[in-house]
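For reference, the structure is listed below as structure tokens.
Every read-out reported here was derived from the displayed coordinates using simple, explicitly stated rules and does not represent laboratory data. Source: prediction; values computed, not measured. FYI the Cβ positions are ideal-geometry reconstructions off the backbone, even for glycines, and counts take in every protein chain you see.
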Amino acid sequence: MKILFVLLVLAAVAGWFVYQAHNEGAPAPRPAAPANRAEGPEESEESEGPAVHPVHPIQPAFSFSACRLVPVHGAEVVREGAGAVRLRMRSAEWSCGLRLDPPEGRRSLDLSGARWLALDVENLSPDRQMRLTMHVSSGGADSEAADHAVANFTKNRSINTGIGLAPGEKGTMRLLLPHPEVYATPDGAPGPFLVDTHRVNAIELQCQWPFEDEFRWVVDCRLSNLRLEGEPAAPFPQGAAFFPFIDRYGQFRHAEWPEKVHSDDELRADLARERADLAASPRPASWDRFGGWKDGPRLRATGAFRTELVDGKWWLVTPEGHLFFSTGIDVVRDNTDSSDGSKHPDWHETPVPPSKSMAYPAWNLRKKFGKDDYLADYYAFVQQRLPAWGINTIGNWSGRELLCAAAMPYVVTLGENEKSIPHVPGGLKFYDVFDANFVSALRAHIAKRFREDPAARRARTDPFCIGFFFDNELQFNPCVAKALAAPFTECAAKRELLRRAYAKYGQDIAALNAAWGTSFADWEAVKAISAEPKGPGWRDFRNGFQAEWFERYFRAVKEAIAAEAPGKLYLGCRFVGFRQSPLLWEAAARHCDVVSVNAYANSIANLPKAAAGIGKPILLGEFHFGCMDRGMFKASLCPVGDQVERGRSYARLVEGALAHPLLVGCHWFQYRDQPLVGRGDGEAYQCGFVDGTDRPYEELCAAARAVGETMYPLRTSR
């Protein structure tokens, strides 16, 4: 129990890195529409001119010369004088890259005297985007950094930041150092993820969550000016002084930042100001009413969205025949992921209501619009916002009321891991397609969804509906292993697999044992198999069975959607990343109109061959970037240094997608920051286009607008 307690305390600080860095800044209301200005983390006054990073005082006595350079997994590392290193990587696998170890005779690096660790990176490739992540780890004897997203406070603890760079571009990776003596919270309270900055095992440069095939060069860059910047922030209050730590707007009480809300009057002023700004900044002039390329080539108009290969690049095509690249935002709702206040009422300045739901976004919108029934007004307002931000699509999981009133393109989900459809026993997030009831149950569910969900019912004939998702991030890869582990009598997939084995090997159990590397006495004993065999004949047998599993799934979903909404696009089920079996890509490509993938990376330009060879368009269903400078405890699944870098990262990722012939859209997850103390599964990321008070992140919105204005000429350029 004590260990768990410590883990919870430590688990609080990774997201908190930067925003205490802004305690000095006086609060100032932020313009709600994109503008050509940027505020540094410690600024509160508006300034004219292009966005620039804030100035961070440089601390002495830390550089590449203070570390040992250790190439990892075949990376090529060459010193270029005292202050620079050239790093080249053929692979993104196995933490390939550069590890900076303590100098000889020391076991750790001391980074405790500064606020940030920073490093300049220059992409030396003349024609490829690159991505790189920087990890700082502590707490254990070895230097392998744990994954930022799933770190569990084992012997190693790590935090990271990342960057994506266009060919020839130079930028800075910056990481707020989460000192325990600064960002620790009282026992039991959430807070940022902590690293022992007095005892850092290593600094690692790699490509987190690799998906690229090996080539020369996955990364070819110059690293320079490794440095410590700034003074550590003032510590969080301890003991009783820390509570309550959530103010009446859902914000962290013990920090200041330029966009922090301090009064209801500020919320009302936000609405008036943003309405004026939106009136002056309508959708890009080159867009048609769907957000397609009004000034581009005119193709066949069918009255519905479709796909077409044009000059070697896949496109979505609007109902009126214009080329369309989908820039979207997921989870566009008035309120999301409210925490249960009854669990920790002392955390909140606001008394917990009878519902127990701490619905801060909804409460803030009531104040902003001055009435309880704000929803229709808000969703009309949102549909002005999105095109003004360069966004032409309402993404997945958005509000049903919004979809029913949508006057811009949108997607609809028809369910996710539906329990009424047969599953493999044992908790697998995937269906047992060999169950005799699979197809009928699937069709019944989708028919019911179209019958009972007004958004789906409208979407089947609405020209603004691009198409339908079904499912999200299914567990495809372990399906055969899970079936083998299930009881024979309870799993149709296991019974079918063994029936096929019997058909292949007949009565000759010795032939099966020889092929599979097993030692079963008879066929009755085979029913007890619980793990994948290791023999040479097993792999081909398994792959054939798995390929049919995937085929049955995608074919059944395609047919069920087509029966209810003929002519609409089937957008797939959103794979977890691009590293998938060729069998899965091939099955999806045969039946999906668009194959969808969720991927959190600083660039997706270098897709693996298995994805690039499918001959079908791909939609990026989720991506985002976040940081620690706006009062949140956790940055995101893809952390970056500050809000300016967040906007630049958005632009680079979407530009990389625009350059790829298969990608037809990118959807950001999600519209609003998650709650400070997390949603039901613990996610608590600073990942929104707006914060919990509905204030837009200006730098991100401006970057998205700039991409939206230029994306069609960019995609068609050679």
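In whole Hz, what ³J(HN,Hα) sequence does the range 624-635 give by Karplus (6.51, -1.76, 1.60; θ = phi - 60°), x for Gly and Pro?
5, 9, x, 8, 10, 10, 9, x, 10, 8, 9, 6
Along the Cα→Cβ direction, 7 angstrom out, place labels at D311 and S519. What is the inter-label distance in nm?
Label-label distance for D311 and S519, simple model: 6.6 nm.
From the backbone phi of the range 545-559, what are the Karplus-calculated ³J(HN,Hα) couplings (6.51 cos²θ - 1.76 cosθ + 1.60, θ = phi - 60°) in whole Hz, Gly and Pro given as x?
My calculation for the range 545-559 gives 5, 5, 4, 5, 4, 4, 4, 4, 5, 5, 5, 5, 5, 4, 5 Hz in order.
Need one number: nm distance between label points at E490 and S108, each 7 Å from Cα along Cα→Cβ, rounded to one decimal.
It works out to 4.6 nm between the two label points.
From the residues I394, Q129, A612, which one has its Cα farthest along the dipole of the chain in the positive direction, the dipole being from +1 and -1 charges on Cβ of Lys/Arg and Asp/Glu about the Cα centre?
Most positive-ward Cα: A612.
For the range 231-272, rounded, prolate or oblate, judged on the Cα gyration tensor with a ≥ b ≥ c (square roots of eigenvalues), a/c < 1.5 rounded, else prolate if a/b > b/c?
Numbers: a/c = 4.98, a/b = 1.83, b/c = 2.72.
It is oblate, given that a/c is not under 1.5 and a/b is not larger than b/c.
With the cut-off at 19 Å, tell me which of the pairs K429/K634; K367/K634; K419/K448; K313/K568; K482/K558 have Cα atoms farther apart than that.
K429/K634; K367/K634; K313/K568; K482/K558, as the Cα separations exceed 19 Å there.
Which residues' amide hydrogens lie under 5 Å from the amide hydrogen of R115, considering only partners 5 or more residues apart or on another chain, with H built in the peptide plane?
Here E229, G230, E231 satisfy the definition.
Tally Lys and Arg at +1 and Asp and Glu at -1 over the other residues with C-beta under 14 Å from the C-beta of G164: what net charge comes out?
Values: positive: R128, R131, K170, R646, R648, R652; negative: E122, E169, E212, E645, E655.
With Lys, Arg at +1 and Asp, Glu at -1, the net is +1.
Mind giving me the FRET efficiency for R451 and S717? R0 is 41 Å, r the Cβ-Cβ distance, nearest 0.05 is fine.
Rounded to the nearest 0.05, the efficiency is 0.35.
Which ³J(HN,Hα) values, rounded to whole Hz and listed in residue order, are derived for the range 183-199 from phi using the Karplus coefficients 6.51, -1.76 and 1.60 in 6.51 cos²θ - 1.76 cosθ + 1.60 with θ = phi - 60°, glycine and proline given as x?
Listing the rounded values in order: 9, 5, 10, x, 3, x, 8, x, x, x, 6, 9, 10, 6, 6, 6, 9 Hz.
Can you tally the net charge around V480? Count Lys and Arg as +1, Asp and Glu as -1, for every other residue whose Cβ sits under 10 Å from the Cβ of V480. Before the final figure, lay out each step's value.
On the way: positive: K482, K494, R542; negative: E532.
So the environment of V480 carries a net charge of +2.
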